[in-house]
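Single-structure report; data block below.
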Amino acid sequence: MAKYIIKRVLLAVLTVFLVATITFFLMHLVPGGPFVAEKSISADAQAALNAKFGMDKPLIVQYKNYMVGILQGDFSLSLKQRGWTVADIITSRFPVSARIGGLAVLLALLVGVPMGSIAALNRGKWVDNLIIVVATCGIAFPSFVICTVGVYLFGVHLGWLPTFGLASAANYILPVFALSFYPMSYITRLMRSSMLDVIGQDYMRTAKAKGLSRGKCLFKHALRNAILPVVTYVGPMLAYTITGSFIVEKIFVIPGLGGQFVSSITNRDYTVIMGTTIFLATLIIAMNVLVDIVYKIVDPRIQLK
Amino acid sequence: MNTTGSNAATGAAQNVHNPDYLVDIQHERLSFFTPAGEVKALNDVSLYVRPGEVLGIVGESGSGKSVTAYSIMGLTAYPGRLIGGDIWFNGHHINEMSEREMRKMRGNEVSIIFQDPMTSLNPVYTIGNQIREVILLHTSKNKAEANARARELLTLVGINEPDKRLKQYPHELSGGMRQRVMIAIALACEPKLLIADEPTTALDVTIQAQILELIMDLKKRLGMAVILITHDLGVVAGTCDRIAVMYGGKVVESGLTDDIFYRPAHEYTKGLLVSIPNLKDQSHTRLVPIEGSPVDMLNPPAGCPFAPRCRSCMKVCLGRMPEYTHLTDSHYSACWLLDKAEFEQRQREEQA
Amino acid sequence: MTKKNPLSFQLNVDDFLPATEAERQSLNQLRPSVSFWKDAMRRLRKNKVAMVSLFVIIVIILLAFVVPTFYPYRYEEQIKGALYLKPMTFSPDEQARIDAGAKIFPHILGTDNMGRDYAIRVMVGSRISLLVGIIASAIILLIGSIYGSVSGYFGGTVDLVMMRVVDIIYTVPDILLIILLSMALKDPLMALAAKPGWEWVQKLGVNLISIFIVFALLYWVGMARIVRGQVLTLKQSEYVTAARALGASSGRIIRKHLLTNCIGTLIVTTTLQIPSSIFTESFLSFLGLGVAIPMPSLGSLASDGLNGLTSYPYLLLAPALLISLIILSFNLFGDGLRDAFDPKMKS
């Protein structure tokens, strides 16, 4: 097991490195620079800024400097948000996104797993059909539709819930629910097909033949097997969700990492882009490794190579 | 259990069963209500098993042999339903039992081992866990006692290093060993009846013999009855006291093993016996199959189910179901040829 | 077991005559064998949800492609004095003309901030969304299946390397690539649009073309993985081995066995890819990275509509709901196709 973890970690580091490299060179591929569009900058000031941030050096040198910096834990300063280090930006924004994302994933699991199971156990009946249609709507409706309709219905029309900022607990309701809608629906569908698979297996018949009650059969024998695909899905999905959804953060005016990422791209804030990309990639890959390990614990058949 | 048909329709006396029998199935009718239609899997099946006896049920796929056995335990798969007849087991009237009462019975008074040991065990739990499960369910033992009993059982079924095995997972064991584990689970609570549904079909030939020997040995030690379901006549020859031959959802012949093998009365049984290649045959002797294809259970014929394939088929066979003719106390068969023989016998007597 | 006397009165001697061959055969009614396609189509037709979805898709296609040609309004036509009209109302000007006897087609969905009839804009918007979805899915199908089948067929190191590339592409955040690419391609494409014969580039918008390029670069990986998985599994099937044992050539095996078994999955995956592409396009248009104005796409219409949400909700709700309906119908139909093609599914 230890050997496996080490191997995965090394592979992960390599992948992150590759992703960072690709991002770096892609960023610089775009003509212009971070300071070109700023209105009040004279050519001299621009040159000075470029020099300050080491942007007048050849690309390869910049790359080397940056990578060396990373290895020492220095993600450099933000180019656009003067006075902020990239690390600070990420650490101030990430918890906001993480809180909302975490709650959303939790909600998705708490609703999705039972719903999918209920649908599978009542296959063909109206309960099943209803759940399938609702879940399909959930994965079909784009997040901006859910968010905007939610804002309109509950915020404007009915006036029940606040629609922007994070002032109170009530403010969390709409964004968390909007963010959880897609994963909730996906998990429902996944759980349903997985459960259908499992209840047709021979070992379920053995369990019944032993005299186990229906509940015991389901919770002990079926669930453990059926949940495996959901585990595989949740890992990376969690990583994506806690790093923030741009749409949700834009519509509900939430100061999270997702919005920050997009604005840094449009602003050409190279260092922030690099830092956030590396952060995101590391998180996703870490989640993948974690999922594989959890999978091995839950399903003893898996042979990890 | 749901029964929608009334027992009165069969004309047999209701709720009267033979107390000497451990299993008494009378005129069972069972259908599967599928989207394609009603599949009449069991069309008036009657069987009995005495305590300590080994009954072999022989038939091809689709004959209804597994369905019959499962119905004793209430394991009929959805969308199957009992629509007629009575099933008695160990004094219980199965038709009228609630699901709760059935659960107490399963794994306890009657157990079953299935055909494919590869898939019959849950892959994510240890062997020990799965054996302990049935012990903890039906007895008042605690976990440590259950574990001790599990160890005992593994030794009983001939698995070495029981302590090590208890901690292993199903995928770490071979097919033969897994089947032994299934037997251990089945015997954990010393049931009165063990149903073995094609227990050796999925195993190598050498292992087959071992498993059969094991089952018979345990039967002797524990004094339980066994229903052995198979399509392989070789398996029943050495092990069973009595044999029931099923075809098309009906028992076409039943009797002592010797009767069936040496004095087969039904054309289907005769066909089965003839089709077994003989070791002493000359090379290039043609094999003798039974012509035709199995019955379509969506539209079973009104007459004898075997009629279209029978070489001695008569007009009456196609339209009317034959009644049972008793050749001895224990040997009977449903075939119009036997009736014909009786008919002619009586005519001769009348003329004399 | 009671012994009965069956011969009392029901039978006569003739019944015991041997049955003729014809009489025996009459009971053997073999059900006719059905081909894989017919079977799948039959299952599909029985699926009510899928059939309703198909109907909805056809209606939407008609609305997007056919109706606009004879609709009385154009999508870029700005009607003076008719700004922000609520659905089914007229501007004072138009009302005056109606009173004078002229016939004016009602604004079913009202008008937008520039006096453009919203219904036609929504319809043309759907056209764009559908086109993008279908073209993008075609690109993905092509690249993905070629990549996946090559990787799966050759196996070994080739497969290993190709799949590592896929993993890396998966990890790069797509928003990043799309935005960067849009920015990077802006100038070159503008230059191209100035050349004669390439004006359509200007019309469609640099961003839209970037989207297509991004699809071609990024989103085929899912399809590639699926196709590779299929090819790997099918390669090992016993019927392939059997075919080889019978002397079939590789070409025949690939054509008759591998491909035909893949087609079901390919059709289903592509059908499900269409709503996914439409989803992505609408998301990007919502961000402002989609089609160039004045050409509408459902995503950009929704984005514009967001601003006036409190006063003019219909400007947001109409495109938002329509795009949801499109994606939903395609998804439900794709699900239905999957169920129909899967022979192991017991209804």
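Each value in this text was obtained by applying a stated rule to the coordinates, not by laboratory testing. Computed from a prediction, not measured in an experiment: that's the story for all the values here. Here the Cβ positions follow ideal geometry from the backbone for every residue, glycine too, while neighbour counts run over all protein chains shown.
Structure summary
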| item | result |
| --- | --- |
| Full-extension gain in nm, residue A:29 to residue A:50, via 0.36 nm per residue minus C-alpha separation | 5.9 nm |
| B:346, C:116 arranged by Cβ crowding within 10 Å, fewest neighbours leading | B:346, C:116 |
| Only Lys, Arg (+1) and Asp, Glu (-1) charged, at Cβ; the protein assembly as shown dipole about Cα centre in debye | 1700 debye |
| Signed unit charges on C-beta, dipole axis of chain A, positive-most listed residue A:207, A:76, A:16 | A:207 |
| Global form of the range B:171-233, assessed from the alpha-carbon gyration tensor, a/c cut-off 1.5 | oblate |
| Mean ellipticity per residue at 222 nm, deg cm²/dmol - from DSSP H runs of n ≥ 4 across chain B, formula -39500 (n - 2.57) | -10000 deg cm²/dmol |
| Cα centroid separation, the range C:265-342 to the range C:45-75 (Å) | 14 Å |
| Residue among A:144, A:94, A:219 with the largest mean-square fluctuation in a Gaussian network model of chain A, springs linking Cα atoms under 10 Å | A:219 |
| FRET efficiency, residue B:351 to residue B:263 (Cβ-Cβ, R0 35 Å, nearest 0.05) | 0.80 |
| Average projection area in nm² (convex hull over Cα atoms of the range B:248-312, one quarter of hull surface) | 5.6 nm² |
| Rg/Rg_globular for chain B, with Rg_globular taken as 2.2 N^0.38 Å and Rg from C-alpha atoms | 1.06 |
| Dipole axis of chain A (+1 Lys, Arg; -1 Asp, Glu on Cβ), positive-most option in A:142, A:196, A:45 | A:196 |
| Sites residue C:131 and residue A:170, calculated FRET efficiency, Cβ-Cβ separation with R0 45 Å, nearest 0.05 | 0.60 |
| Lys, Arg +1 and Asp, Glu -1 on Cβ, resulting dipole of chain A about Cα centre, debye, nearest 20 | 1260 debye |
| Between 0 and 90°, nearest 10: helix B:143-156 axis offset from chain B longest Cα axis | 50 degrees |
| Cα-centre dipole for chain B with unit charges at Cβ (Lys and Arg positive, Asp and Glu negative), debye to 20 | 720 debye |
| Residue order, fewest to most beta carbons within 10 Å, for A:128, B:204 | B:204, A:128 |
| Rel. contact order, % - alpha carbon contacts under 8 angstrom, at least six apart, the range A:61-158 | 10 percent |
| Long-range Cα-Cα pairs in the range B:228-285 (distance over 17 Å), rounded percent | 38 percent |
| Listed residue (B:199, B:234, B:224) projecting farthest to the positive dipole end of the range B:191-246, Cβ model | B:224 |
| Spatial extent of the range B:43-146: Rg and Dmax, with the Cα atoms as the point set, Å | 15.9, 48 |
